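The values are calculated or read from the model by the stated rules, or taken from the named source; none is laboratory data. None of these values were measured; they are calculated from a predicted model. Glycine gets a Cβ as well: all are built from the backbone with ideal geometry, and neighbour counts include every protein chain shown. Quick note on the areas: whole protein, heavy atoms, side chains included, nothing else; ligands and nucleic acids left out. Shrake-Rupley method; radii C 1.70, N 1.55, O 1.52, S 1.80 Å.
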Amino acid sequence: MAESLSNFGRCTHAIVRDIPDSLGKEALRTGGGGGCCKEQQQQEEVVEVVVSPVDMARARREHDLYVAVLRQKLGLQVVELPADESLPDCVFVEDTAVVCGDTALLTHPGAPSRRREVEATKKVLEDLNFNVVEMTDEAATLDGGDILFTGREFFVGLSKRTNQRGAEILADVFKDYAVSKVSVTGTLHLKSYCSMAGPGLIAIGSSEHAQKALKIMQEMSEHRYDKLTLPDDEAANCVYLYIPSKGHVLLHRTPEEFPESAKVFEKLKDHMLIPVSNTELAKVDGGLTCCSILLNKKA
Ligand code: GLY
């Protein structure tokens, strides 16, 4: 059964996972791996690619605050999984499952190094009595970061991590909803430059890549969405929740990180705005949505 739109953003539980020490040096990053690395270019020219090191203490402080917002400020029941040192990207739980209503599709992450992350998520979702569906087709790949659920339909980003077969399986599992595919260019995941900022409100970055993806989504949809255009693509990844005692809530990147985008968020007068720093996990391509799976468990 399709969820009622009035339930959009409602959530009672969140799954999060601690940051392993291995993240700093071994987490995947589009910039080319932890620390400094040398990349052989086509013309045999060797260039130095300097990537910013992750400040692990700061990453943990930021993540602790994110979890505290969900647990203490918003009153969610937070299931906190322990880190696994052999899974450097395991804090990014969003990629391991797509949950809608009482069905949870466990993903087959595009990066082979991330596939075992799904096991811990599976156990929690089973313990919480979700109808858990596994993606058993080895040819299918899908990361939760490529899935934008608007409350009315799904958009699936076809990216380096998510393929056609993964999108087909998602469409098969969530049959009550239209599922449209969007090519992801210029970034890791579809939600690296967009997310939902409220019911019917798409937050979208300003880059050419982000705007192209939005245009495709608008062309493919039967629905009309409002848009919230952020000057910074990274800031367009925000976390929307509807909490009955608080109303519309939005976790978004801080004015210190993205001053111009923060001004845009501040114009949302109906939302309780919660700025959350994410300077460190962003260095390994993590956005705010990446660090939780939000669940709405019916009483
Ligand atoms: N570091 C996040 C990812 O590459 O999946």
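Per the listing Glu119, Glu126, the residue uniquely at pLDDT 95 or above, within 20 Å of the chain's Cα centre (by Cα), open to solvent by 20 Å² or more (accessible area, probe 1.4 Å) and away from the ligand (no atom under 16 Å from the Cβ) is Glu119.
Number of residues in the stretch 157-180 that are among the basic types (Lys, Arg) and more than 17 Å from Asp95 (Cα to Cα) equals 1.
Where in the stretch 241-299 are there strands (runs of 3 or more DSSP E), lying wholly inside it, with at least 3 residues that are buried (at least 20 other Cβ atoms within 10 Å of the Cβ)?
Working: elements: 247-252, 271-275, 293-295.
Fully inside the stretch 241-299 and qualifying: 247-252.
Do we find that Leu142 is part of a loop (DSSP other than H, G, I, E, B) and of a type in the set (A, V, I, L, M, F, W, C) in this structure? Considered against the rule, which asks whether it is part of a loop (DSSP other than H, G, I, E, B) and of a type in the set (A, V, I, L, M, F, W, C), Leu142 comes out as yes. Every condition in (1) within 16 Å of the ligand (Cβ to nearest atom); (2) open to solvent by less than 60 Å² (accessible area, probe 1.4 Å) is met by Glu234 except one, and the failing one is (2). Can you find a residue that is open to solvent by 20 Å² or more (accessible area, probe 1.4 Å), free of Cβ contacts under 8 Å to residues at least 60 places away in the same chain, among the β-branched types (Val, Ile, Thr) and more than 16 Å from the ligand (Cβ to nearest atom) anywhere in the stretch 170-190? There is at least one residue in the stretch 170-190 that is open to solvent by 20 Å² or more (accessible area, probe 1.4 Å), free of Cβ contacts under 8 Å to residues at least 60 places away in the same chain, among the β-branched types (Val, Ile, Thr) and more than 16 Å from the ligand (Cβ to nearest atom). In this structure, Glu80 does not qualify as over 23 Å from Ala27 (Cβ atoms) and among the charged types (D, E, K, R).
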